Amino acid sequence: MPIESSADFNSYVDPNAHGVSATFFETQTTLWDARTGFIDTWFDIDTGDAYPINIIIDQEYFSIASGTVPVDGYQPRAIIKATDAPYINHGDKIQVNAITTNNGNTLVPQTLFLIKTVMPDNTGLIELVLEEQ
């Protein structure tokens, strides 16, 4: 029995709380897609599915001690619900909508990210390591 419910996960990624809205772009790398029971043919290979999801996005600070001079930087990461993108894979993309203030001022512009690493936690959430495009 899971500790957290679907309602808990929805509240985590809620844009009115911690989350932001985004669009998930599934890269079509096989002949199978989300159309149940259908297989793409030579004439019908599509680019995959795209649909809106809510995510938590963060840019973690990291420092790598290498020799005498450490290297510092930021690594964008996202957390999504596993049910929002059950077939997520390396090479898929996420476009994060612009993050704005209540007054409509843009804090962070709309950004497209390539998914570099997919790390499911086996409880219902997936952590993604992203690369800005």
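The values are calculated or read from the model by the stated rules, or taken from the named source; none is laboratory data. Predicted model, so just to flag it, every value in this text is computed and none were measured. Because the Cβ atoms are built from the backbone with ideal geometry, glycine has one as well, and the counts that use them run over all protein chains shown. For accessibility, only protein heavy atoms count, side chains too; no ligands or nucleic acids. Shrake-Rupley method; radii C 1.70, N 1.55, O 1.52, S 1.80 Å.
Here are a few things to note about the model shown:
- Filter result for Asn89 (surrounded by fewer than 19 Cβ atoms within 10 Å (Cβ to Cβ), closer than 22 Å to Ser11 by Cα and not aromatic (Phe, Trp, Tyr)): no
- The residue of the stretch 28-79 that is modelled with the highest pLDDT, among those that are open to solvent by 70 Å² or more (accessible area, probe 1.4 Å) and among the charged types (D, E, K, R), is Asp58.
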